[in-house]
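Here the structure comes first, spelled out in structure tokens, and everything after it is commentary.
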Amino acid sequence: MCIFCKIASGQISAELLYESPTVVAFNDLEPQAPTHVLIIPKAHYENAAEAASADSTTFAELFTVAKKIAAERGLDGYRMTFNTGASAGQSVFHAHLHLLGGRAFAWPPG
Ligand code: 5GP
Ligand code: ZN
């Protein structure tokens with residue numbers, strides 16, 4: 001079972017910021033911004049493309065949860081990222097949406 005499956009199922013304890021029957025959100029271990037939340041489907045999909053193909057309703061929920069957390073925190077701007085594939089920086093191969101906020105972000109990203 002992958003690390004995010006263990007967090008989603010409670011095998012590894014993590015402070016959950018949000019939980020629904022299909023999705024959980026928790027803080028990134030190595031935050032890259034004052035807000036750095038990971039929002040994941042409980043079901044294991046290797047990346048965002050697989051998650052979107054397999055369950056578009058749950059995939060859409062990831063964005064709804066990101067919007068809710070951003071609104072709760074009063075973020076005036078935020079970035080949402082799916083790193084998809086190692087060359088794009090993906091290191092955990094369980095689909096996850098990064099919600100980053102609380103500072104200014106450069107574009108283009110590195
Ligand atoms: P990726 O590089 O795959 O897009 O993002 C993986 C993210 O997961 C990284 O930002 C990393 O800091 C975070 N991460 C890796 N292992 C853990 C963990 O065990 N707990 C938490 N909360 N975050 C993790
Ligand atoms: Zn998994």
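Every read-out reported here was derived from the displayed coordinates using simple, explicitly stated rules and does not represent laboratory data. From a predicted model like this one, the values you see are computed outputs, not experimental measurements. Backbone-built Cβ (ideal geometry, glycine too); neighbour counts: all protein chains shown.
At-a-glance table
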item: Residues whose placed amide H lies under 5 Å from that of VAL24, excluding near-sequence neighbours; result: ILE40, LYS42
item: Least to most buried among ARG103, ARG73, ARG79 (fewest other Cβ within 10 Å first); result: ARG103, ARG73, ARG79
item: Selected from ILE40, ILE12, ILE69 as most flexible by GNM, with the chain as the system and alpha-carbon contacts under 10 Å; result: ILE12
item: Kirkwood Rh and Cα Rg combined as Rg over Rh, evaluated for the chain; result: 0.94
item: Cut-off under 5 Å, modelled amide H: who pairs with ASN47 long-range; result: ALA95
item: Cα-based reach from LYS67 at 20 Å (exclusive), listing aspartates and glutamates while leaving out same-chain residues under 8 positions away; result: GLU15, GLU19, ASP28, ASP55, ASP76
item: Karplus-derived HN-Hα couplings along the range 50-56 (A = 6.51, B = -1.76, C = 1.60, θ = phi - 60°), whole Hz, x at Gly and Pro; result: 5, 5, 5, 5, 7, 7, 5
item: Gain on full stretching of the segment that runs from SER53 to GLU19 - 0.36 nm per residue minus C-alpha separation; result: 10.0 nm
item: For GLN90, distant residues with modelled amide H under 5 Å away; result: THR84, GLY85
item: Over the range 1-49, relative contact order from alpha-carbon pairs under 8 Å, at least 6 apart, %; result: 31
item: ASP28 paired with MET80, simple spin-label distance in nm, labels 7 Å along Cα-to-beta-carbon; result: 1.6
item: Phi-based couplings in Hz for the range 5-14 (Karplus 6.51, -1.76, 1.60; Gly and Pro marked x); result: 4, 5, 5, 5, 8, x, 5, 10, 7, 8
item: Estimated vicinal HN-Hα couplings, Hz - the range 81-97 in sequence order (Karplus 6.51, -1.76, 1.60; Gly, Pro = x); result: 9, 10, 6, 10, x, 4, 5, 9, x, 6, 10, 10, 9, 9, 3, 8, 9
item: Estimated dipole of the chain in Debye, rounded to 20 [Cβ of Lys and Arg +1, of Asp and Glu -1, Cα centre]; result: 160
item: Neighbour-limited loop hits for GluC sites (Glu not before Pro), the range 1-71 (at most 12 other Cβ within 10 Å; DSSP other than H, G, I, E, B); result: GLU15
item: Normalised contact order of the range 3-101, rounded percent, pairs of Cα under 8 Å and 6 or more residues apart; result: 32
